[in-house]
Amino acid sequence: MSEIVYSPLDGEVISITNVDDEMFAKKMLGDGVAFIPTEKKLYSPIDGVVSMVYETQHAIGIKTKEGKDLLIHIGIETVQLHGKPFKTKVKVGDKVKQGDLLTVVDWNYIKRNGCDPVVPIVIMDSPIVVLKDAGKVKSGDPIFKIY
């Protein structure tokens, strides 16, 4: 059974291999895409259950309806910001639908503190087919399919 992952925000989608972090660029954590955000709100890209919210709020995990593990990493090196730029609206165990608000992010704070605002989204345990890995996107646009 396949599932579609949708854009979690307005912005630009880029290939995961273009992320300036080897863990993502070399797909060590899984395959996916990344986003350069143009809005503060980040929405759930899929239906599922929140499986992880990192204590510094820079990463959110969602277990999809089919049991796949999706990781949203909000910025690169943002763990060092100790949660300050994030207003996370979900907690572990929350059921989410595609389009539900996950967090509000202060991208200017992230940039002022020398971090990269790129948002990689990867599936950690399944193959995917990328539907779009370049160009402008709106929240809710289909991005990749999980198998």
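Just so it is clear, none of the values below were taken in a lab; they were calculated from the coordinates. Just so it is clear, the structure is predicted and the values come from calculations on it, not from any experiment. Ideal geometry is used to build each Cβ from the backbone, glycine not excepted, and the neighbour counts take in all protein chains shown.
A few remarks follow.
- For residue 27, the aspartates and glutamates whose Cα falls under 19 Å of its own Cα, not counting residues fewer than eight places away in the same chain, are 69, 77, 116, 125, 133.
- CD proxy at 222 nm, helix term only [per DSSP H run n ≥ 4: -39500 (n - 2.57); per residue of the chain; nearest 500]: -1500 deg cm²/dmol
- With contacts taken as Cα pairs under 8 Å and at least 6 residues apart, the chain reaches a relative contact order of 36 percent.
- Per the Debye formula on identical point scatterers at the alpha carbon atoms of the chain, with no solvent, log10 I(q)/I(0) at q = 0.17 Å⁻¹ is -0.87.
- Per-residue packing, averaged as other Cβ atoms within 10 Å, sorts the ranges 139-145, 109-115 into the order 139-145, 109-115, beginning with the highest.
- Entries of 26/89; 26/136; 26/87 with Cα pairs more than 28 Å apart: 26/89; 26/87
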